[in-house]
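Heads up: the structure comes next, in structure tokens.
The values are calculated or read from the model by the stated rules, or taken from the named source; none is laboratory data. Computed from a predicted model, the values in this text were never measured in an experiment. Using ideal geometry, Cβ is built from the backbone for each residue, glycine included, and neighbour counts are taken over all protein chains shown. Quick note on the areas: whole protein, heavy atoms, side chains included, nothing else; ligands and nucleic acids left out. Shrake-Rupley method; radii C 1.70, N 1.55, O 1.52, S 1.80 Å.
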Amino acid sequence: MLLGVITLFPDMFQSIVRYGIVGRAIRRGILSIKLWNPRLFTYDRHHSVDARPYGGGPGMLMMIEPLRNAINQAKDELGNNIKVIYLSPQGRKLKQKYVYKLAYDHQKLILVCGRYQGIDERLIQTEIDEEWSIGDYILSGGELAAMVLIDTISRVLPGVLGNQDSKESDSFSKERLDCPHYTRPETFDGMKVPSVLLSGNHDEIHRWKQKQALGRTWIKRPDLLNYIQLTNEEKNLLSEFKNEYLL
Ligand SMILES: NC(=O)c1ccc(NCc2cccc(O)c2)nc1
């Protein structure tokens, strides 16, 4: 998968291309990232990329021309029918199921990172195909949002995560929270690992993990339960958890 990024701060992306899962995906040739800086596509004396907003208001906006020039350059290099995504607080809220879609439905994507107070609306109307948000908060730029998107996409690309299960067991891959996890020592400050996890009884262990994941979702994120259709077995596990919890 090839991800093109339009950003005024290309060096920020060094922080993900060298390390961890994204670094591994790049080294394995599964993912590549190419950056274009709109400032290199300005032709005025001051290389202006931002300007004051019409109608007043605080801060500056990114101008159309440098962004459009950079996007066009990216399209010239990557191909013209590539989906262009803009990261902004006004975007659709990113969820795991959309990460799979973005990763599996496209071989290439272009991510546009806004700075300042955002970008001229006419650029959004003419050049942006989809607007996405990583959450309901304001960042000083779209770069961190783009890096979050790159990281979570790279985790679902085939061949990136060694043990496929680790991806599947990720909580949000089944749109529920994860079960609790434990590792050595068996007892720490008098706190013991739940005995079922030491039993070697894989059916019991799987049942316990399912029950804990459902129970924790009910406690911490009951809203998620509105979106998932539970099997009868899952419904039984959850009511068992509730009875024990409410005792
Ligand atoms: N929640 C997000 O995905 C997100 C994305 C970008 C961003 N900052 C740049 C920006 C871009 C557009 C308008 C704007 O007001 C700020 N902040 C948060």
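Some points to look at:
- Checking the stretch 58-67 against the condition returns no match, with no residue being assigned to a loop (DSSP other than H, G, I, E, B), under 26 Å from Ser32 (Cα atoms) and within 11 Å of the ligand (Cβ to nearest atom).
- Selection count, the stretch 75-116, where residues are open to solvent by 80 Å² or more (accessible area, probe 1.4 Å), away from the ligand (no atom under 14 Å from the Cβ) and charged (D, E, K, R): 5
- For Gly118, the requirement of being in contact (Cβ under 8 Å) with a residue 40 or more places away in the chain and small (Gly, Ala, Ser) is met.
- Sub-8 Å Cβ pairs linking a first residue in the stretch 87-110 that is among the aromatic types (Phe, Trp, Tyr) to a second residue that is open to solvent by 50 Å² or more (accessible area, probe 1.4 Å), at least 6 apart or interchain, are Tyr98/Arg92, ordered by first then second residue.
- Meets criteria (within 16 Å of the ligand (Cβ to nearest atom), within 15 Å of the chain's Cα centre (by Cα) and over 23 Å from Gly4 (Cβ atoms)) for Tyr137: yes
- The one condition in (1) among the aliphatic types (A, V, I, L, M); (2) open to solvent by 60 Å² or more (accessible area, probe 1.4 Å); (3) closer than 23 Å to His106 by Cα that Ala70 fails to fulfil: (2)
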